[in-house]
Amino acid sequence: MDRPGALRELALSAKPVEVRAPRTGSPEPFSEPADRVAPVARRGSAAGPARVAVVTLGCKVNQFDSASLVGRLQREGLEPVAFSGDADIFVVNTCSVTARADLEARQWIRRARRLNPEGTVIVTGCYAASGRATLEAMPEVDLVAGVQERERIYKLLRDRGFVEGDRLACQAAADPFMDFEEATFGGRTRAFLKVQDGCNAFCTFCVIPYTRGRSRSTPPARVVHQVARLAEQGFREVVLTGINLSTYGRDLKPRTDLRSLLEQIEAQGVPGRLRLSSVEPTGFTDGLIALLGRSRLLCPHQHIPLQSGDDAVLRRMNRRRSSRHLRKASITGRRRGRHH
């Protein structure tokens, strides 16, 4: 996987901006379960609205990114379809957590081109940054757009007549949260909501700072409003997700944190359940643990990424924590859980 040295500078200098576990690769042809494929959209013409299909590889953050793109394109009049030859536009939202994930992305790209040799194939997501040169060299690909380059997608769709004018591209460049409220999760009772993206940790094994940029958070007011909006739409559970939820709010002015965000959401009295997708052991502050223990909105379940319980291994991995943090998160969490 090519990883240009300039990516680190890009990650360090990125401006603050602003849906599934990677499947093990398998030889083509793929079977495509319905829940793997998030359909996207099309625009008016003599033949009817343009049709777009999206496949989402990787994490819950990617699921949200796909859902928000789908929602925006639907608003513009494009028609969501399954990943098939009926699509005019294919979007492959990629993961790059392993070489196998990169391989799977390339397989989906080639499949899209075979399904419609005249279609438009767009590649986005983490692999679009970490493997840009490889992807741009693929004859099947029309556009490679990184996570923070959504305006390039809208520009291509404009150039090819799928959307009208420069409005979308200009808005996306000016407001990285433009599509935050557009995410659509049709037919489900659970919705994902990305409240944080990017990472500043630069762990030894991880490409995320290079592919998704510096840590950046969605302003609390927008999060609270969207949680209430999703509840009004009938979703019984909202999953707050991010690349590193533990760092939520550190980039905002005034600075805030995950506990404060959760308290603001709970104060709204929204019905249903609220779940945290994953919180680093260092994120379990005394305040957050206390909130988890008394909350009637937050699910009494936490996913804590471990990697290793050996401090020497964690140091080599450049994980900015020790086994002490894990013990605190798990032991104190269990004590609180018994009183939930």
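Using a Förster radius of 25 Å, what is the FRET efficiency between Cys203 and Arg250 based on their Cβ-Cβ separation? Nearest 0.05, please.
The formula returns an efficiency of 0.90 here.
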J(HN,Hα) series, the stretch 130-141, from Karplus relation 6.51 cos²θ - 1.76 cosθ + 1.60, nearest Hz, glycine and proline x: 6, x, 3, 4, 4, 5, 5, 7, 6, x, 6, 9
Overall dimensions of the stretch 124-163 by Cα: Rg and Dmax, Å: 10.4, 29
When ranked by the protection proxy of mean other Cβ atoms within 10 Å per residue, highest first, what sequence do the peptides 184-196, 257-269, 50-62, 290-302 form? 50-62, 184-196, 257-269, 290-302
Mean-position separation - Cα centroids, the stretch 301-330 and the stretch 202-247, in angstrom: 22 Å
Taking 0.36 nm per residue of sequence separation and subtracting the Cα-Cα distance, how much length would be gained by fully extending the chain between Arg324 and Arg100, in nm to one decimal? 77.4 nm
Given the candidates Gly187, Asn200, Gln233, the one whose Cα lies deepest towards the positive end of the charge dipole of the stretch 177-244, counting +1 at each Lys or Arg C-beta and -1 at each Asp or Glu C-beta, is Asn200
Magnitude of the Cβ-charge dipole of the stretch 62-114, K/R +1 and D/E -1, about the Cα centre, nearest 20 debye? 240 debye
Taking placed amide H atoms and a strict 5 Å upper bound, the residues 5 or more places from Ser215 or on another chain that come that close are Cys199, Asn200
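We did not get these values from a lab; they are worked out from the coordinates using the rules stated. Given the structure is predicted, the values throughout are model-derived calculations rather than measurements. Cβ coordinates were reconstructed from backbone atoms using ideal geometry, including for glycine residues, and neighbour counts include every protein chain displayed.
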